[in-house]
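The values are calculated or read from the model by the stated rules, or taken from the named source; none is laboratory data. Worth saying up front: this structure is predicted, and the values here are computed from it rather than measured. Note that we place each Cβ from the backbone using ideal geometry, even for glycine, and neighbour counts take in every protein chain shown. We work out accessible area using only protein heavy atoms, side chains counted, and drop any ligands, DNA or RNA first. Shrake-Rupley method; radii C 1.70, N 1.55, O 1.52, S 1.80 Å.
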Amino acid sequence: MAATSPPNYTDIAIIGAGPHAMTVVTHLLQKRQQLRQRLLVFDPSGTWMQQWQNQFSAFEIPHLRSPAVHHPDPNPYALRQFAQSRSHELYPPYDLPGTLLFQDFCQELIRRWSLQQHIVAAKVVRIEPIKPNLRSRFRLWLDNLDHSIVARRVILATGSGTPQIPAWVQKIASPYPQDRLCHSRHVDLRHLQLHGENILIVGGGLTSGHLALGAIARGAKVILMSRRNLQEKLFDADPGWLGPKYLKNFWAEPDWETRAETIQNARNGGSLTPAIMLQLRRAQRRQNIKIMEKCQVLSATWHKAWQIICDDGSKHECDRIWLATGTKIDITSEPLLTEIIEHYPISTAKGLPVLDPHLRWAGCELFITGGLAALQIGPVARNLSGARMASERIIPALWKPSLAFSY
Ligand SMILES: Cc1cc2nc3c(=O)[nH]c(=O)nc-3n(C[C@H](O)[C@H](O)[C@H](O)COP(=O)(O)OP(=O)(O)OC[C@H]3O[C@@H](n4cnc5c(N)ncnc54)[C@H](O)[C@@H]3O)c2cc1C
């Protein structure tokens, strides 16, 4: 798709070109090839999987956390087949795909499904609900093109919310260099010289583990601080959430608040894999890392270095602080939903929208895949497995007239 000349109208607009969008598109094309001509995908990078690749490279992550059956192709065995001559890139204990293997596989999907032709290199800055002839439509405003596009249906696949910033950060009174305190989303290990530095990493999830090991490999000493005891788990959420074992009761639960609580409990903050935990313990024995559990920062002051006071009374000095504190997923953290919320008010539970079973926003043809769909999909909504589950819900509503929204 030529970036300078997108059409004025599209049937289906997908916002974002990450693994969730890719999963929707491959599943859609498998069901209905003829929808190919009616499909545009918007992403500022102008290419597929840019954000995914950036985050894996920036944290130097060697392999995925999820097993090889989870990926954007409709055939669950496709990645395993692709890896036939590269089986050494499937890591134990459950064939976790290596980062490069997964990226090459996704490139192969882009080629095989001819996905690049659908991409418009633009950020959608506004979704304006419009009602020509009393039918719900959307005008998508693009940042870099002097252009707007009307879409009949929109699928929101913009990823993982806004960074969660602890309250003590807002209270820092002293000016400080911006690069000395940042959320993990803005850390890129590849560009950093850290030899001889002390770094405080806040958070107990896998990202804090990756960043700690990356910093230590560059000659830094690390304090890893978590407000809870570190949790050791193979996966983000128990695999029982991938099928009826847990989902049967979850779907039977009529109270949305209870569902939202169940999701929080199932993800239970962040966790570290046994392999990363092993490496951290090894680094601890070599005194390259100090692990502080059940501990929180009370205050931080910058004076040539950070002076930190914690709630256990301890004091620390460090050169940088990295916040591996995760992201906030709720409808107010997605600016594109502002006007949708105004025009089509929706019930929420803990900030998550109550979508219909096809992940459709109440009253219009806007569909959501990703963490925001968790009240229907469950705790794995943001993961690759959740992308497949979301596609299976959304796609029938795109091509079966009986499931279309009735005005
Ligand atoms: C470091 C890390 C490792 C992970 N590893 C795994 C794993 O091994 N297995 C697993 O199942 N899950 C994993 N996850 C969780 C999840 O699968 C990923 O976060 C995944 O990237 C989510 O896919 P997505 O398509 O929703 O979002 P993203 O990959 O973030 O893609 C969203 C895209 O939307 C675009 N976009 C955003 N706003 C706009 C806009 N306004 N207009 C146009 N485009 C826009 C962005 O540019 C981006 O390209 C991991 C997450 C992280 C952070």
Long-range amide H partners of LEU272 with built H, under 5 Å: GLN231, GLU232, LYS233
Amide H partners (placed H, <5 Å) of LYS328, local residues excluded: THR162, GLN164
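Per DSSP H run of at least 4 residues, take -39500 (n - 2.57); add these up for the chain, divide by its residues and hand me the 222 nm value, nearest 500 deg cm²/dmol.
-8500 deg cm²/dmol
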Helix axis angle, 384-399 relative to the chain longest principal axis, alpha carbon, degrees: 10
From phi via Karplus (6.51, -1.76, 1.60), per-residue ³J(HN,Hα) for region 59-69 in Hz, x at Gly/Pro: 9, 6, 7, x, 8, 6, 8, 9, x, 5, 6
In sequence order, calculated HN-Hα J values of region 11-20 (Karplus, 6.51, -1.76, 1.60; Hz; x Gly/Pro): 6, 10, 10, 10, 9, x, 10, x, x, 5
The chain shape via C-alpha gyration tensor axes, a/c threshold 1.5: prolate
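Taking a 1.4 Å probe, which of HIS147, HIS210, HIS195 shows the most accessible area, and what order do the others take after it?
These residues rank, largest area first, as HIS195, HIS147, HIS210.
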Rounded to the nearest 10 Å², the accessible area of ILE165 at probe 1.4 Å: 70
Stretchable slack from ARG286 to ALA167, in nm (0.36 nm times residue separation minus alpha-carbon distance): 39.6 nm
Accessible area, probe 1.4 Å, largest first, for residues SER45, SER208: SER45, SER208
Accessible area of ASP236 in the full protein assembly, 1.4 Å probe (Å², nearest 10): 40
Cα-based shape type of region 68-116, given that a ≥ b ≥ c are square roots of the gyration tensor eigenvalues and the cut on a/c is 1.5: prolate
Accessible-area order (highest first, 1.4 angstrom probe) of the listed residues LYS290, LYS233: LYS290, LYS233
Inter-centroid distance (Cα atoms) of region 35-71 relative to region 354-407, Å: 20
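In region 8-92, which trypsin sites (Lys or Arg not before Pro) fall in coil by DSSP and have 15 or fewer other Cβ atoms within 10 Å?
Here the trypsin sites (Lys or Arg not before Pro) that fit, given the DSSP loop and packing criteria, are ARG32.
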Solvent-accessible area of SER57 with every protein chain in place, 1.4 Å probe, in Å² to the nearest 10: 40
Distant-in-sequence amide H partners of TYR176 (H built 1.01 Å from N, under 5 Å): none
